[in-house]
Amino acid sequence: MGKRIQATPAECTRVREIFDRYRQHPEDFPLSFVYGGTAYSGLGDEFSIREHEQDEANAIRQTILADHPSGLTVQVCMTLYPAYAAIEWTAYFLNRSTQPLPELRDVLAADLSWEGERPRLYGNIGDDPFYTDIYRPVEMDIVPGMTLDLQPFGGRPTSMGFPYYDLAYGKGGVRIAVGWPARWRCRFFGGLDQTRLCAGQYTLDTHLQPGEKIRTPLMAFLYYDGRDRNRSVNLWRRWMMDCCLRRIDGQPFPPKFALAMTSENDDLCKTSEEGEIHLVKTFVDAGSPVDVNWVDAGWYRKNPHESVSRWEETGELSCDPVRYPTGFRALSDYLHSVGSQLLVWFELERVLKGTGSTIEGHKEWLMEISARDGDIAGPRAEEGFGWCGANYLPDLGNPEYRSWLVEEVDRILCEGNIDIFRQDFNMEPILFWTQNDEDGRLGMRENLYIQGYLAFWDELIRRHPRMMIDSCASGGRRNDLETLRRSLPFHKTDFDYSYAAQKQAMHQALFAIYPYFAAAPVNVASMPKCQPDRYTIESCFVPFLLECWNVDDPHFDMEKVQAYTAPWYRMNALFTADYYPLTPWNREDNEWIGWEFFDAEKGEGFVQVFRRENAPDEVLTVRLLGLEPQKRYRIETWGADIQIMDGSRLLEEGLQIRTPPRSSCILFLSEDV
């Protein structure tokens, strides 16, 4: 068998040298800031340096403590991933004195340059339900004199912006990620065969009170030799899977088949324990195991005395006693008895005004904004829910509130024996932070809030180490690296689920960034009246497959659902293999699109291609990747024939694929032995 794509010894040695240089020469560390009117680049002679190193599996962690005579301590937490040619760091600024410190501004978590000819930057557009090019790959040359200024929209890190980049330069390149679950900023400056990056929190101009601490975004860099995009992508995927994405009991979160209850008009406020059990039992009794039962919004009360009439009425943390009389316990007990898990949706960062919820009685915990701003209208602005001014933002930077919230959420998790905690966030927070900043302390609300957000999740994980977290923010608008260290991004977008071509395009792009995410053939025009549609279901074959059915609808056909879902069970173990897009990215109805996963160590993989409804070409020829030319491969078309072909032919001449319009072709690959 062959080997998966991995970092070479030369790449790993080069990054180890970078790590050692930063550790041994703090004055060269690529952190810059202005403090007390003096500009600092690195941690030089004015700072007294202390160090601490700790070795862990896959990582070496180094802490640099730099004390300034004024009482400021700068703490840099740096990590080397020696087998992955990757390095990352976060910097903290602490006031250890008894007095307010001088002004601290222009903090750049990364301020560094790379030398090499023909620099070219690769990235993606972020999520937004109104923008049809969601996650579209973008690329451009960085030319001398050019300034590229990038940031997200509204304060959620992957809303329109996307803090994952690949900078190719000279004879290699570097993957770059910004871990900041708020408004980050990346500026790329083109020079003569040189590219400079300045990255950090978008706005930070403040002073620290005694005992106060702020932090920079997490900055991560993965270096590689050569300018092979497929290799760069798979080095990144391997590092993400092995070193970044959260694990349970030391194991990667496995692929899951999930079910969610639906009803007439998809009214979320009509779900119930009884209905969820009936849904799952119908599948289990038909011989289809269910890994997860997904309970989305609407299960809570409006206030201690009233039920919600619409899911948007968030704020009260208690189950509806009529629909969920046991607080999820009867549901989770049943699910666990049949080998399933329970996922429950929460929205904790948006409190609708006027509901009379318990938290509305604690105005000291709540932030609000004073004026409507068109830039922050959301998808339901016409009903008042999408406008941020109709809501409060609870302040996660407030330790008293955060302590209360931990106990309330923990109570629900324990009482319901919930396995997967899904946290949504359906409004733009930036004006809540900026309008509530104190004079002379710009960016502090945001910084303290983000520290609180991460601390809240860390405490839930400490109490529930075997519980996975699903990151959601109006779809996929908060999936930065810090967030994904603690969670998985199941729900990548709120964009129209019925648009199969757009969904396929998103998947082709996201496989290169997120090794794990979900898709759902739900609420779709292509499956009216609960009639299963093969093309729609096959367009959702990703690691977490969610299906939403009304099993009592007379049009529901269990046999079709089982038949159309069957290929996924064979594919799902291969989503961690090396990944190769086989066609250019596109979302046009007159095009084909496809991709390949191949595990060289196992000698197996699969290809999936889609011929869209108006694609005129009857044949698509794709050259496969990752195979060994001297070997022969068995190619099994799902539900059809098997053929044996030489690796050299598949790599050089390609494979001809035929499938009717509006269909997908799934082929399984294995070495012929």
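The values are calculated or read from the model by the stated rules, or taken from the named source; none is laboratory data. Everything quoted here is computed from the prediction, not taken from an experiment. Virtual Cβ from ideal backbone geometry, glycine too; neighbours counted across all protein chains shown. Remember, those area values only see protein heavy atoms, side chains included, never the ligands or the DNA or RNA. Shrake-Rupley method; radii C 1.70, N 1.55, O 1.52, S 1.80 Å.
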Suppose we filter GLN209, GLN194 for residues that are closer than 25 Å to ARG96 by Cβ and surrounded by fewer than 17 Cβ atoms within 10 Å (Cβ to Cβ); which single one remains? GLN209
What's the number of the only condition in (1) assigned to a strand (DSSP E or B); (2) farther than 17 Å from GLY116 by Cα; (3) of a type in the set (Ser, Thr, Tyr) that TYR224 fails to meet? (2)
Of all residues in the stretch 577-604, which are under 20 Å from HIS507 (Cβ atoms), open to solvent by 10 Å² or more (accessible area, probe 1.4 Å) and part of a strand (DSSP E or B)? TYR580, PRO581, TRP592
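Here is a yes/no grid of residues against (1) under 31 Å from the mean Cα position of the chain (by Cα); (2) part of a loop (DSSP other than H, G, I, E, B); (3) among the hydrophobic types (A, V, I, L, M, F, W, C):
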position: ILE49; (1), (2), (3): no, no, yes
position: ASP55; (1), (2), (3): yes, no, no
position: ARG61; (1), (2), (3): yes, no, no
position: PRO69; (1), (2), (3): no, yes, no
position: MET78; (1), (2), (3): yes, no, yes
position: TYR84; (1), (2), (3): yes, yes, no
position: PHE93; (1), (2), (3): yes, no, yes
position: GLN99; (1), (2), (3): no, yes, no
Residue, surrounded by the most Cβ atoms within 10 Å (Cβ to Cβ), within the stretch 35-50, restricted to residues that are modelled with pLDDT of 95 or more and farther than 19 Å from MET219 by Cβ: TYR35
Within the stretch 180-206, how many residues turn out to be out of contact with any Phe, Trp or Tyr (no Cβ under 9 Å at 6 or more places or on another chain) and under 20 Å from ILE142 (Cα atoms)? 5
Residue list for the stretch 247-259, filter: surrounded by 15 or more Cβ atoms within 10 Å (Cβ to Cβ) and farther than 15 Å from LEU546 by Cβ: PRO252
Kindly indicate whether LEU112 is touching a residue at least 60 places away in the same chain (Cβ under 8 Å) and out of contact with any Gly (no Cβ under 9 Å at 6 or more places or on another chain). yes
Within the stretch 411-444, the count of residues that are under 20 Å from TRP345 (Cα atoms) and either of a type in the set (Ser, Thr, Tyr) or open to solvent by less than 20 Å² (accessible area, probe 1.4 Å) (or both) comes to 13
So which of LEU669, LEU620, LEU625 ends up being among the aliphatic types (A, V, I, L, M), outside any strand (DSSP E or B) and at negative phi? LEU625
Of (1) at pLDDT below 95; (2) open to solvent by less than 10 Å² (accessible area, probe 1.4 Å), PHE153 satisfies all except one. Which? (2)
Restricting attention to the stretch 530-569, and to residues there that are modelled with pLDDT of 90 or more and assigned to a strand (DSSP E or B), which single residue is farthest from ASP285 (Cα to Cα)? PHE544
Counting only residues that are hydroxyl-bearing (Ser, Thr, Tyr) and open to solvent by 30 Å² or more (accessible area, probe 1.4 Å), the stretch 282-317 contains a total of 3
If I filter the stretch 268-281 for residues that are open to solvent by 10 Å² or more (accessible area, probe 1.4 Å), under 30 Å from TYR81 (Cα atoms), out of contact with any helix residue (DSSP H, G or I) (no Cβ under 8 Å at 6 or more places or on another chain) and aliphatic (A, V, I, L, M), do I get at least one hit? no
Quick one: is LEU448 in contact with a His (Cβ under 7 Å, 6 or more places away or on another chain) and either modelled with pLDDT under 95 or part of a helix (DSSP H, G or I) (or both)? no
Could you grab me the full set of residues in the stretch 646-662 that are open to solvent by 20 Å² or more (accessible area, probe 1.4 Å), within 24 Å of ALA501 (Cα to Cα) and part of a strand (DSSP E or B)? GLN656, ARG658
Residue pairs within 8 Å by beta carbon, gap of at least six or interchain, first lying in the stretch 227-256 and over 13 Å from THR576 (Cα atoms), second assigned to a helix (DSSP H, G or I), listed first then second, are CYS244/LEU481; CYS244/LEU484; ARG246/ILE461; ARG246/LEU484
Return the total of residues in the stretch 124-139 being of a type outside the set (D, E, K, R) and open to solvent by less than 10 Å² (accessible area, probe 1.4 Å). 3
Is it the case that some residue within the stretch 635-645 is surrounded by 14 or more Cβ atoms within 10 Å (Cβ to Cβ), over 35 Å from the mean Cα position of the chain (by Cα) and assigned to a strand (DSSP E or B)? yes
If we scan the stretch 255-272, do we find a residue that is part of a helix (DSSP H, G or I), under 26 Å from GLU11 (Cα atoms) and in contact with a Ser or Thr (Cβ under 7 Å, 6 or more places away or on another chain)? no
Among what's in the stretch 356-374 and is assigned to a helix (DSSP H, G or I) and open to solvent by less than 60 Å² (accessible area, probe 1.4 Å), pick the residue that is nearest to VAL292 (Cα to Cα). ILE359
Among the listed residues GLY190, GLY211, which satisfies the condition of being more than 16 Å from PHE33 (Cβ to Cβ) and not in a strand (DSSP E or B)? GLY211
Determine whether the stretch 85-107 contains at least one residue that is open to solvent by 20 Å² or more (accessible area, probe 1.4 Å) and within 28 Å of GLY476 (Cβ to Cβ). no
Within the stretch 518-529, the residues that are closer than 21 Å to GLU613 by Cα and at pLDDT 85 or above are ALA519, ALA520
Say we look at the stretch 8-30 and pick out the residues that are open to solvent by 20 Å² or more (accessible area, probe 1.4 Å) and not in a helix (DSSP H, G or I); which of these is modelled with the lowest pLDDT? HIS25
Taking the stretch 605-633, which residues are hydrophobic (A, V, I, L, M, F, W, C) and surrounded by 15 or more Cβ atoms within 10 Å (Cβ to Cβ)? PHE606, VAL607, VAL609, PHE610, ALA615, LEU620, VAL622, LEU624, LEU625, LEU627
Note down all Cβ pairs under 6 Å where the first residue falls in the stretch 434-450 and is β-branched (Val, Ile, Thr), the second is part of a loop (DSSP other than H, G, I, E, B) and at pLDDT 95 or above, and they're at least six residues apart or on different chains. ILE450/PRO181; ILE450/ALA182
Please enumerate the residues belonging to the stretch 455-475 that are farther than 27 Å from PRO152 by Cα and open to solvent by 10 Å² or more (accessible area, probe 1.4 Å). GLU459, ILE461, ARG462, ARG463, HIS464, PRO465, ARG466
Just the residues that are surrounded by 16 or more Cβ atoms within 10 Å (Cβ to Cβ) and either free of Cβ contacts under 8 Å to residues at least 60 places away in the same chain or assigned to a helix (DSSP H, G or I) (or both), please, taken from the stretch 319-355. ASP320, ARG323, TYR324, ARG329, ALA330, LEU331, SER332, TYR334, LEU335, VAL351, LEU352, THR355
